[in-house]
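One structure is given here, and the rest of the page talks about it.
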Amino acid sequence: MSAVHTHTNLKLTRRMRRLRRSEALRAMVRETRLSPDVFMLPLFVCDGEGVRREVPSMPGVFKLSVDEAVRDAEAAKADGVRSLLLFGLPDSKDDIGSLAYDPEAPVQSAVRAIKRAVPDMLIVTDVCLCEYTDHGHCGIVIDDDIANDPTVEQLVRASVSHAAAGADLVAPSDMMDGRVGAIRQALDERGFENTGIMAYSAKYCSAFYGPFRDAAASAPTFGDRRSHQMDPANGAEALREVEQDIEEGADIVMVKPAVTYLDVIARVKDRFNYPTAAYHVSGEYAMLKAAARNGWIDEDRAMMETLTAIRRAGADIIITYYAREAARALAA
């Protein structure tokens, strides 16, 4: 028995599907576009030579010695990625994070080596103490409390050391009060007025940092980071944090994490219309990798959809471990 087809005489002047009929049409009217220029690739740099150790909780991400970091920088440039965010993984740590400002530490050494090999690569350096302290906290601990002002002094030393090595921007990620202004003043006084600051302005106390702490061995040995990182329930507070960092001299502001704070990215961009970065963090990356490995999602589609959402929310810069994969996908 054949199906009965009825035809309704719809009088529609606007049919939204008209512009979805082909890829050419969809591309022509696409509102949000990704480009490799938008992506910033994080690299974990450690001591040694010829070191390339995969992070178990972050498939495709490696701890790299300086020579291997140079290789990855060159490969990233070939893929179209033009900026890096460097994290240091020192062999030894102490209670004040003194290797954070050692001129021969992994980050400073990597900056010099990458600049020699890929001179036009934009290099941003993470400035925090958690990777360098034996207690895993982001600053100087006094009576079980993270002391703000002594920590800022250490962050200033690290920032100046990174600038001296040749970093284009320093990126304080600690969430101490006043650190952007102190770093800006110190850089200017020492002749590094052209070194920019990308501030982790709205950095939330998130469960999605777990794989990063696995990579950096930076989990706190006691307590947590709720005293300085933001409460995930707060949105208006993020605007106050961003405003303060802009007033203190930040050149770029950042929201971290990205996917679970798309509303904050949008509010920051709408309010300030300032260069805005968003960090697609380790846990967000690891979830996609795990689901893909279990065959539950199409990884390439999920990757691009996620990065597009971050861009659509208002991010000018997306820091992501998917940077190279996404760049290759866009070129395909």
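The values are calculated or read from the model by the stated rules, or taken from the named source; none is laboratory data. Keep in mind that what you see is a predicted model, and the values were worked out from it rather than measured. Because the Cβ atoms are built from the backbone with ideal geometry, glycine has one as well, and the counts that use them run over all protein chains shown. Ligands, DNA and RNA are excluded from the accessible area calculation, which covers all protein heavy atoms including side chains. Shrake-Rupley method; radii C 1.70, N 1.55, O 1.52, S 1.80 Å.
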* Structure fact -> Of (1) open to solvent by 10 Å² or more (accessible area, probe 1.4 Å); (2) closer than 12 Å to A158 by Cα; (3) in a helix (DSSP H, G or I), V107 fails just (1)
* Of all residues in the stretch 310-325 being under 15 Å from L84 (Cα atoms) and assigned to a helix (DSSP H, G or I), which is least open to solvent (accessible area, probe 1.4 Å)? -> A323
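Every residue, every condition in (1) at pLDDT 95 or above; (2) open to solvent by 50 Å² or more (accessible area, probe 1.4 Å); (3) part of a strand (DSSP E or B); (4) of a type in the set (S, T, N, Q), yes or no:
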{"position": "R226", "(1), (2), (3), (4)": "no, yes, no, no"}
{"position": "Y285", "(1), (2), (3), (4)": "yes, no, no, no"}
{"position": "G295", "(1), (2), (3), (4)": "yes, yes, no, no"}
{"position": "T308", "(1), (2), (3), (4)": "yes, no, no, yes"}
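Go through the stretch 131-145 and give me each residue that's surrounded by fewer than 24 Cβ atoms within 10 Å (Cβ to Cβ), among the hydrophobic types (A, V, I, L, M, F, W, C) and in contact with an Asp or Glu (Cβ under 9 Å, 6 or more places away or on another chain).
I140, V141
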* Qualifying residue in the stretch 116-124 (condition: closer than 13 Å to A167 by Cβ, open to solvent by less than 20 Å² (accessible area, probe 1.4 Å) and touching a residue at least 60 places away in the same chain (Cβ under 8 Å)) -> yes
* Structure fact -> Log entry, pairs with first residue in the stretch 134-152 being at pLDDT 80 or above, second being of a type in the set (S, T, Y) and open to solvent by 50 Å² or more (accessible area, probe 1.4 Å), beta carbons closer than 7 Å, six or more apart or on different chains, reads I146/S227
* To do: Could you please give the count of residues in the stretch 197-209 that are small (G, A, S) and either part of a loop (DSSP other than H, G, I, E, B) or open to solvent by 10 Å² or more (accessible area, probe 1.4 Å) (or both)?
  => 2
* Asked: Which pairs have Cβ atoms under 6 Å, sit 6 or more apart or on different chains, and link a residue in the stretch 44-73 that is free of Cβ contacts under 8 Å to residues at least 60 places away in the same chain to one that is part of a loop (DSSP other than H, G, I, E, B)?
  -> D47/D91; S65/G48; S65/E49; S65/V51; D67/E49; A73/V118; A73/M121
* To do: Report, ordered by the first and then the second residue, all pairs with beta carbons closer than 7 Å, sequence separation of six or more or different chains, a first member in the stretch 204-230 that is over 22 Å from P106 (Cα atoms) and β-branched (V, I, T), and a second member that is modelled with pLDDT of 65 or more and in a loop (DSSP other than H, G, I, E, B).
  => T221/H135; T221/G136
* Residues of the stretch 74-104 classified as open to solvent by 20 Å² or more (accessible area, probe 1.4 Å), not hydroxyl-bearing (S, T, Y) and not in a helix (DSSP H, G or I), total -> 10
